[in-house]
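Asks: Dropping a structure here in structure tokens format, bear with me for questions.
The values are calculated or read from the model by the stated rules, or taken from the named source; none is laboratory data. Treat the numbers as computed from the prediction; the structure is a model and nothing was measured. Neighbour counts run over all protein chains shown; Cβ positions are idealised from the backbone, glycine included. Note: accessible area is taken over every heavy atom of the protein model, side chains too, but ligands, DNA and RNA are not part of it. Shrake-Rupley method; radii C 1.70, N 1.55, O 1.52, S 1.80 Å.
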Amino acid sequence: MMIAINGKQLLFTACLVLTTTVGLSQNPLNFGEGMLSADPSAHVWEDGRLYVYASHDEPCQEDFWMKDWRVFSTDDLVNWTDHGAIMNVSDISWADNYAWAPDAAFKDGKYYFCFPAGTGFKDRVNPENSTKWMGIGIGVSDSPTGPFEDHIGAPLWTEPYANDPCLFIDDDGTPYLYVHAMGADYKVIELTDDMKAVKGDFEKMDMGGYEPKMEGPFVFKRNGKYYYTIAENNRDLSYYMSDSPKGPWTYKGIFMKQEHDSNNHASMVEYKGQWMLFYHKWYENNSGCEDQKLERKINAEYLYFNKDGTIKPLKRTEKGLTAKYKK
Ligand code: FUB
């Protein structure tokens with residue numbers, strides 16, 4: 001059926017479609033034209049803004065050779081400010097590459113930026129020739145947007161090899177560090193109060209007998225319960241719950257399936273009374289790279305809990321976050 005439409009009606013309809021599209025499609029998050037970022041770690045600080053600390057992909061980069069970290073912030077979940085590079089591997093004396101998934105924390109008036117970085121080369125064909133090493137560093141700043149200075153001028157430790165730090169400060173101020181590492185998955189270590197060193201050794205946590213291959217541990221607390229979330233098999237997002245930051249943990253299952261056979265990495269935060277999940281998603285590459293088909297951008301979804309505290313399974317949407325928080 002043909003519908004007759006005059007010029008005014010057409011303009012009105014076009015405006016409506018545009019407004020609806022702009023208003024409803026927040027994924028990927030609008031961090032600026034051409035910005036490729038991954039591994040989001042979301043935090044809300046005392047100034048009332050929501051900050052996303054992220055790793056930064058360059059178009060056509062080789063094998064996750066990444067050089068700097070970024071932070072983006074918002075106060076309406078729609079308009080984001082890119083605060084630029086908050087640290088670069090060139091600021092670090094002990095690493096020159098692998099600016100991978102970071103985390104951030106606020107303690108005793110200072111902002112801390114916990115980052116993995118490394119050096120060397122991973123030979124994926126002949127692994128015995130690999131020289132790659134990664135460690136965990138700690139940056140400090142008076143501002144949530146940095147710049148961050150290397151707090152100790154060295155990694156927190158050298159063995160084991162580690163990446164994907166999660167720095168969780170409990171309500172009593174105790175800093176706990178969780179990492180993904182060779183031989184240190186599902187382990188926790190405390191930091192000293194001045195955040196300059198680790199205390200003792202890694203402690204192996206009781207995960208209730210289920211320890212899949214994982215990346216990207218992220219811990220948060222809600223209603224007195226601790227949540228230990230991971231990218232299970234580096235793909236699906238799943239979680240455990242506990243009454244303590246060191247476990248014992250009870251596995252609660254997958255709450256978001258991966259849609260590509262590629263890594264995922266997520267964090268969760270409550271902003272203005274609403275919980276939300278930040279994660280990265282792989283898109284068809286727009287950068288003209290011949291041997292790299294996909295590229296990463298950060299997405300977000302609202303996160304809902306059942307009455308018993310378990311997480312309701314989530315679907316990826318194009319809509320993502322709309323500004324429906326309580327003012
Ligand atoms: O972005 C580099 C690495 O890819 C991260 O550290 C992992 O979690 C995976 O997302």
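Asks: Looking at Lys225, Lys281, can you tell me which residue is surrounded by fewer than 18 Cβ atoms within 10 Å (Cβ to Cβ) and either in contact (Cβ under 8 Å) with a residue 40 or more places away in the chain or of a type in the set (A, V, I, L, M, F, W, C) (or both)?
Replies: Checking each option against the conditions leaves just Lys225.
Asks: Please identify the pairs in which a residue from the stretch 246-274 that is of a type in the set (D, E, K, R) has its Cβ atom under 9 Å from the Cβ atom of a residue that is within 13 Å of the ligand (Cβ to nearest atom) and open to solvent by less than 10 Å² (accessible area, probe 1.4 Å), counting only partners at least 6 apart or on another chain.
Replies: Taking only residues 6 or more apart or on different chains, the pairs are Lys257/Leu237.
Asks: Name every residue in the stretch 75-96 that is crowded, with 19+ Cβ neighbours inside 10 Å and part of a strand (DSSP E or B), in order of residue number.
Replies: Those that are crowded, with 19+ Cβ neighbours inside 10 Å and part of a strand (DSSP E or B): Ile86, Met87.
Asks: Mind checking which strands (runs of 3 or more DSSP E) fall wholly inside the stretch 220-281 and carry at least 2 residues that are under 17 Å from Phe168 (Cα atoms) and small (Gly, Ala, Ser)?
Replies: Fully inside the stretch 220-281 and qualifying: 266-271.
Asks: Can I ask one more? Within the stretch 28-58, how many residues are open to solvent by 60 Å² or more (accessible area, probe 1.4 Å) and either among the β-branched types (Val, Ile, Thr) or within 15 Å of the ligand (Cβ to nearest atom) (or both)?
Replies: Total meeting the criteria: 1.
Asks: So, Ser267, is that one hydroxyl-bearing (Ser, Thr, Tyr), touching a Ser or Thr at 6+ places or on another chain (Cβ under 6 Å) and open to solvent by less than 50 Å² (accessible area, probe 1.4 Å) or not?
Replies: yes
Asks: Out of all the residues in the stretch 266-291, which are within 13 Å of the ligand (Cβ to nearest atom) and touching a Lys or Arg at 6+ places or on another chain (Cβ under 9 Å)?
Replies: Hits for the stretch 266-291 are Tyr279, His280, Lys281, Trp282.
Asks: Could you please find all residues in the stretch 284-308 being more than 21 Å from Leu237 (Cβ to Cβ), of a type outside the set (Ser, Thr, Tyr) and within 24 Å of the chain's Cα centre (by Cα)?
Replies: Within the stretch 284-308, Glu284, Asn285, Asn286, Gln292, Lys293 meet the criteria.
Asks: If we scan the stretch 315-326, do we find a residue that is assigned to a strand (DSSP E or B) and either open to solvent by less than 20 Å² (accessible area, probe 1.4 Å) or β-branched (Val, Ile, Thr) (or both)?
Replies: no
Asks: Still on this structure: If Tyr239 passes every condition in (1) within 14 Å of the ligand (Cβ to nearest atom); (2) at pLDDT 95 or above but one, which one does it miss?
Replies: So the condition that Tyr239 fails would be (1).
Asks: Now, a different point. Could you check, for the stretch 130-149, whether at least one of its residues is surrounded by 13 or more Cβ atoms within 10 Å (Cβ to Cβ), in contact (Cβ under 8 Å) with a residue 40 or more places away in the chain and of a type in the set (Lys, Arg)?
Replies: no
Asks: Hey, can you tell me all the residues within the stretch 175-189 that are touching a residue at least 40 places away in the same chain (Cβ under 8 Å) and away from the ligand (no atom under 14 Å from the Cβ)?
Replies: Scanning the stretch 175-189 gives Pro175, Tyr176, Leu177, Val188.
Asks: Looking only at the stretch 231-248, count how many residues are more than 21 Å from Leu191 (Cα to Cα) and either of a type outside the set (D, E, K, R) or touching a strand residue (DSSP E or B) at 6+ places or on another chain (Cβ under 7 Å) (or both).
Replies: 10
Asks: May I pose another question? Would you mind telling me which numbered condition in (1) within 16 Å of the ligand (Cβ to nearest atom); (2) modelled with pLDDT of 95 or more; (3) open to solvent by 30 Å² or more (accessible area, probe 1.4 Å) Asp261 fails?
Replies: (2)
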